[in-house]
1. Of all residues in region B:1-53, count the ones that are under 20 Å from the mean Cα position of the chain (by Cα) and among the polar types (S, T, N, Q).
2. Which residues, counting only those in region B:1-24, are closer than 19 Å to B:K68 by Cβ and in contact (Cβ under 8 Å) with a residue 40 or more places away in the chain?
3. Name every residue in region A:162-204 that is in contact with a Lys or Arg (Cβ under 9 Å, 6 or more places away or on another chain), within 23 Å of A:L151 (Cβ to Cβ) and of a type outside the set (F, W, Y), in order of residue number.
4. Suppose we filter B:T201, B:T221 for residues that are within 16 Å of DNA strand C (Cβ to nearest atom), surrounded by fewer than 21 Cβ atoms within 10 Å (Cβ to Cβ) and either without any contact (Cβ under 8 Å) to a residue 24 or more places away in the chain or under 15 Å from B:S61 (Cβ atoms) (or both); which single one remains?
5. Considering only region B:92-104, I want to know if a residue exists there that is assigned to a helix (DSSP H, G or I) and at pLDDT below 85.
6. Is region A:10-33 home to any residue that is away from DNA strand C (no atom under 16 Å from the Cβ) and of a type outside the set (K, R)?
7. Condition first: within 13 Å of DNA strand C (Cβ to nearest atom) and in contact (Cβ under 8 Å) with a residue 12 or more places away in the chain. Now tell me which residues in region B:53-79 satisfy that.
8. Restricted to region A:21-55, and to residues that are part of a helix (DSSP H, G or I) and away from chain B (no Cβ under 14 Å), which residue is farthest from A:Q81 (Cα to Cα)?
Protein chains: 2
Amino acid sequence: MNTKQVAGLTGISVRTLHYYDKIGLLCPGRNDENGYRQYVEADLDLLQQILFFKKCGFSLSKIRALIKSPSFDRKQAFILQRKYLQHEKRRIDTMLATLDKSLKAMKGEYDMAQNEKFKGLDFDNNPYEDEARRLWGDQAVDNSKKHIGSLSDEEKSAVAKGMDDLFCSLAKLRLQDPASDAVQAAMDGMYRYFNQNFGVTYSLQAFAGLGQMYVTDSRFTENIDKYGAGLSEFLAAAMGIYAKNKAK
Amino acid sequence: MNTKQVAGLTGISVRTLHYYDKIGLLCPGRNDENGYRQYVEADLDLLQQILFFKKCGFSLSKIRALIKSPSFDRKQAFILQRKYLQHEKRRIDTMLATLDKSLKAMKGEYDMAQNEKFKGLDFDNNPYEDEARRLWGDQAVDNSKKHIGSLSDEEKSAVAKGMDDLFCSLAKLRLQDPASDAVQAAMDGMYRYFNQNFGVTYSLQAFAGLGQMYVTDSRFTENIDKYGAGLSEFLAAAMGIYAKNKAK
DNA sequence: CTTGACTATAACGCTGCGTGATGGTGTATA
DNA sequence: TATACACCATCACGCAGCGTTATAGTCAAG
């Protein structure tokens, strides 16, 4: 299929498809003769995933990080997205209730508290995040929190210092290819460091899952990106590749 | 209430509230001593409206045009918004169905057509628009279309020319105050022109409603704004004021 | 060989805020 | 009375995700 046909099929504009290609989000093959884009079925499936992730409120760069990761699992993504949509439905119900109450209040049939007027109208928190936490991260996060909690103040600050150093050194690599030897060697160091310092043994899967959380979970993203813009997305890719390679 | 309290109550950031004030969307009174913003209950109700309109996908400038119009009716807005939300719920159901089918297709239990993969994922058309059409405009639009259809080609182009001239002259006024005498005189001309040339007699209410449609309905907005950026929003205000004044 | 319907890239514009920077106010504490 | 500290204010700049021209090459039909 050519660009225009995909546009017609999906409702995404041609311009947008060009843009997605340019930013490395959806890069179809090309016709050898004239260089025109050629979308095959796998491209369409990927586009569908992209659109679902957009619905879940992720930025394009995050989506790219997620779907490019070798540890990306379509089935899991579908399941999380379903949970997100169910959340959304409930939110809409809340908003409908708010609406009906506001109507009644307008007629004087109901006395509405101020905070009631805004139920369901808060735009901030992303339920997809919550679900992803439950699926991938909370045990790991909780465990390490528990472990850290059991340390003395000195030990705590030592660990904190170690993490700081680790992320500083990782940040310097973030413009290189995540699959390169240098980066993968750093990943090996990271994996070992985590296993030594967090009271849990990370399986390779859990390590890759933690990488996914670096982009899906704002608690991580925001802290990590302080060491350098885009670091979390870079790490997600590099950790996924590391887990995949080592699993062999 | 001060700015921070409102922020806490609604989930809207302080920065955003400042911004809304600056662009004339939500301008609370001020404390005389220090110039601080003071939000009263009416402001909160308005903010609620603004948030509902945002959910419906309107831009801030459109929202401003809608709520500032004297013909703005809170109850009608609530009702339209409810319909919009119900639409959204149905769309989510469609997306959920698409999701489940995709899962099945992945397992090989179902053969999915390409276009089926994108059901519910099209972001473009705004259901609020459709509802607003049904409520305010379709009869008027249909009637005038019918009337114009009954004309000869010459007459048609004469009407088209007249409309073109009319909007050109209106566009020149668009930076003035919609309530000013000059603008209101032009509105009088517009009202008469419409009643003479569209085979329908516009009630003042219908005239104001048409103004609302100029901003809610992209069929109008896009055409009108060709004569000058923001013309549709300006006209919506001016027509609303005209109808209100003349009703007295 | 020209027309019209495609394709391509490149560059500028727009919206809705977030994020400081900088400075005035108000009240509590030393 | 000084000073700290939390809160308010107004700029000014930056960013994502495209829409929108502008400009140019490709291809089949007439």
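The values are calculated or read from the model by the stated rules, or taken from the named source; none is laboratory data. From a predicted model like this one, the values you see are computed outputs, not experimental measurements. Note: ideal-geometry Cβ built from the backbone for every residue, glycine included; neighbour counts use all protein chains shown.
1. Total satisfying the criteria: 2.
2. Those that are closer than 19 Å to B:K68 by Cβ and in contact (Cβ under 8 Å) with a residue 40 or more places away in the chain: B:Y20, B:I23, B:G24.
3. Answer for region A:162-204, where residues must be in contact with a Lys or Arg (Cβ under 9 Å, 6 or more places away or on another chain), within 23 Å of A:L151 (Cβ to Cβ) and of a type outside the set (F, W, Y): just A:G199.
4. Details: B:T201 fails: within 16 Å of DNA strand C (Cβ to nearest atom).
Only one candidate passes the filter, namely B:T221.
5. Within region B:92-104, the subset assigned to a helix (DSSP H, G or I) is B:92-104.
Now restrict to residues that are at pLDDT below 85: none.
No.
6. Our first condition is that a residue be away from DNA strand C (no atom under 16 Å from the Cβ); within region A:10-33, this holds for none.
No.
7. Within region B:53-79, the first condition is being within 13 Å of DNA strand C (Cβ to nearest atom), and the residues that meet it are B:53-66.
B:F53, B:K55, B:C56, B:G57, B:F58, B:L60, B:S61, B:K62, B:I63, B:R64, B:A65, B:L66, listed by residue number.
8. So in region A:21-55, the residues part of a helix (DSSP H, G or I) come out as A:21-22, A:41-55.
With the extra rule that they be away from chain B (no Cβ under 14 Å), the set shrinks to A:21-22.
On the way: A:D21: 24, A:K22: 26 Å.
Step by step, filter region A:21-55, then rank; the result is A:K22.
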